[in-house]
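Below is one structure, written out as structure tokens; comments come after it.
No lab work stands behind these numbers, since they all come straight from the coordinates. Small disclaimer: the values here were computed from a predicted structure and weren't measured. Ideal geometry is used to build each Cβ from the backbone, glycine not excepted, and the neighbour counts take in all protein chains shown.
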Amino acid sequence: MKVSGFTFIKNAVQFDYPVVEAIRSILPLCDEIIVAVGDSTDHTRELISGIGLEKIRIIDTVWDTSLRKGGAVLADETNKAFRAITGNPDWCIYIQGDEVLHEQYHDTVKKSMLQWKDDPQVDGLLFKYKHFYGSFDYVASSSRWYRNEIRVIRHRPDIYSHRDAQGFRKGDDKKLCVKATDAYMYHYGWVRPPKTMMDKTRNFGNYWNGEPVTEEFAKKFSGDFDYTEIDALEKFTNSHPEVMQERIKKMNWKFDYDLSYNKLTIKDHFKNIMERYTGLRPFDYKNYILID
């Protein structure tokens, strides 16, 4: 079985993306990893090339400034990395620059890829998610955070990144047919020093609002990010991936959260109760078709 990995990144140093950890977390599963490195203004390319492994192939890209609305440029960059894959692999593993696959799930993912490798009805594999917030000690628990997403897909020309690169579609905007895995992807996109988190939030305004950020927008999103403005969190008591340990040791800010307090809506409370007793979470948006 041949497996290719792919990802994209820009200004990882400036905005403190754990992209090296992300890449290393899927290395044991991949024969190669394509990294689309955008036109950065920091040392991102040196950071990626510094990994120094033959499995990693960098393609240099320029982000399309006309794709400033709804995060479309993120899907465009994902597609550039995906289209750069050669050699007709059986599967392709996608990972974003702030996601990390725990090593405890390597065997689970590999087993699923082998199990469904020769089934043409299966377009991809679905991963569960843990969204860390504020620090490495808390995970988000409200329904506004996506619980599942496709992270393994077929190497086919009809498959492409969807909307803001959260998922994938095929053909004429059709959802992929997927099998669920028991593997979790750890999302660290909301764990950064408060000032860096605000800088990243301000920068993302360039890719969502249809035009470059205004002076008024930049002024509004200045200073430190307020991590206390969150609806509900849970304490994380398990282990983090091995590749994240050094980064966790270097954490230089403090965030504590009162677990007895939350801002969950009635709808969220209902969803949590239903999931607790049935294992199902009603009304969740699903960007895929799950094959039983």
**Report entry** Isotropically averaged projected area of segment 171-219, using the convex hull of Cα atoms (one quarter of hull area), nm²
**Finding:** 6.2
Report task. Would you mind checking Lys179/Lys286; Lys130/Lys220; Lys55/Lys250; Lys130/Lys235; Lys128/Lys200 for any pair whose Cα atoms are more than 21 angstrom apart? Result -> Lys130/Lys220; Lys55/Lys250; Lys128/Lys200
Query raised in the report: Which whole-number percent of Cα pairs in segment 154-243 have a distance greater than 17 Å?
Result: 69
Report summary line: With segment 1-143 reduced to its Cα atoms and the Debye formula applied, log10 I(q)/I(0) at q = 0.15, 0.17 1/Å amounts to -0.83, -1.05
Query raised in the report: Compactness ratio of segment 86-170: Cα Rg over 2.2 N^0.38 Å, N = residue count?
Result: 1.20
Query - Cβ-based charge dipole, segment 41-90, positive-most Cα from Leu74, Ile56, Thr86 - result: Leu74
Query raised in the report: For segment 122-193, what is Rg from Cα atoms divided by 2.2 N^0.38 Å, rounded to two decimals?
Result: 1.25
Report summary line: Along segment 136-152, Karplus-curve 3J(HN,Hα) (6.51, -1.76, 1.60; θ = phi - 60°) to the nearest Hz, with x for Gly and Pro, reads 7, 9, 10, 10, 6, 10, 8, 7, 6, 9, 5, 9, 9, 7, 6, 10, 10
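Fewest first, what order do Met251, Met113 take by the number of other Cβ atoms within 10 Å? Provide the component values of the computation, followed by the final result.
Values: Met251 14, Met113 20.
Arranged by neighbour count, lowest to highest, Met251, Met113 become Met251, Met113.
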Query raised in the report: Over the chain, with a single point scatterer placed on each C-alpha, what log10 of the ratio I(q)/I(0) does the Debye formula yield at q = 0.07, 0.11, 0.12 1/Å?
Result: -0.26, -0.68, -0.82
Report summary line: With only helices counted (DSSP H, runs n ≥ 4, each -39500 (n - 2.57)), the per-residue ellipticity at 222 nm for the chain, to the nearest 500, works out to -7000 deg cm²/dmol
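Over segment 197-261, what portion of Cα pair distances is larger than 13 Å, expressed as a whole percent?
Numbers: 1563 of 2080 pairs.
Cα-Cα pairs in segment 197-261 separated by more than 13 Å: 75 percent.
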Query - More than 11 Å apart - percent of Cα-Cα pairs taken over segment 2-42 - result: 65
Query raised in the report: Taking amide H positions as placed 1.01 Å from N in the peptide plane, with prolines and chain starts having none, which residues 5 or more places from Tyr129, or on another chain, fall under 5 Å of its amide H?
Result: Met185
Query raised in the report: Can you work out ³J(HN,Hα) from phi for every residue in segment 56-64, in order, using Karplus 6.51 cos²θ - 1.76 cosθ + 1.60 and θ = phi - 60°, giving whole Hz and x for Gly and Pro?
Result: 8, 10, 8, 10, 8, 10, 10, 5, 6
Query raised in the report: Nearest-5 percent of antiparallel DSSP beta bridges in the chain?
Result: 45
Report task. Once every Cα of segment 111-150 carries one equal point scatterer and solvent is ignored, give the base-10 log of I(q)/I(0) from the Debye formula at q = 0.17, 0.19, 0.24, 0.30 Å⁻¹, two decimals. Result -> -0.60, -0.66, -0.79, -1.02
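Loop only per DSSP, at most 16 neighbouring Cβ atoms within 10 Å: give me the GluC sites (Glu not before Pro) in segment 161-233, ordered by residue number. It would help to have the intermediate numbers written out before the result.
Details: sites: Glu215, Glu216, Glu229; in loops: Glu229.
When the GluC sites (Glu not before Pro) of segment 161-233 are filtered for loop state and at most 16 Cβ neighbours within 10 Å, Glu229 remain.
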Query raised in the report: When the chain is modelled as a GNM with alpha-carbon springs shorter than 10 Å, which of Phe15, Phe132, Phe204 fluctuates the most?
Result: Phe204
Query - Furthest towards positive pole of dipole, Thr228, Tyr160, Gln121, structure part the chain, Cβ charges - result: Gln121
Requested in this report: Assign one of three labels to segment 112-264, namely rounded, prolate or oblate, based on the Cα gyration tensor with a ≥ b ≥ c the square roots of its eigenvalues; rounded applies when a/c is under 1.5, prolate when it is not and a/b is larger than b/c, and oblate otherwise.
Outcome: oblate
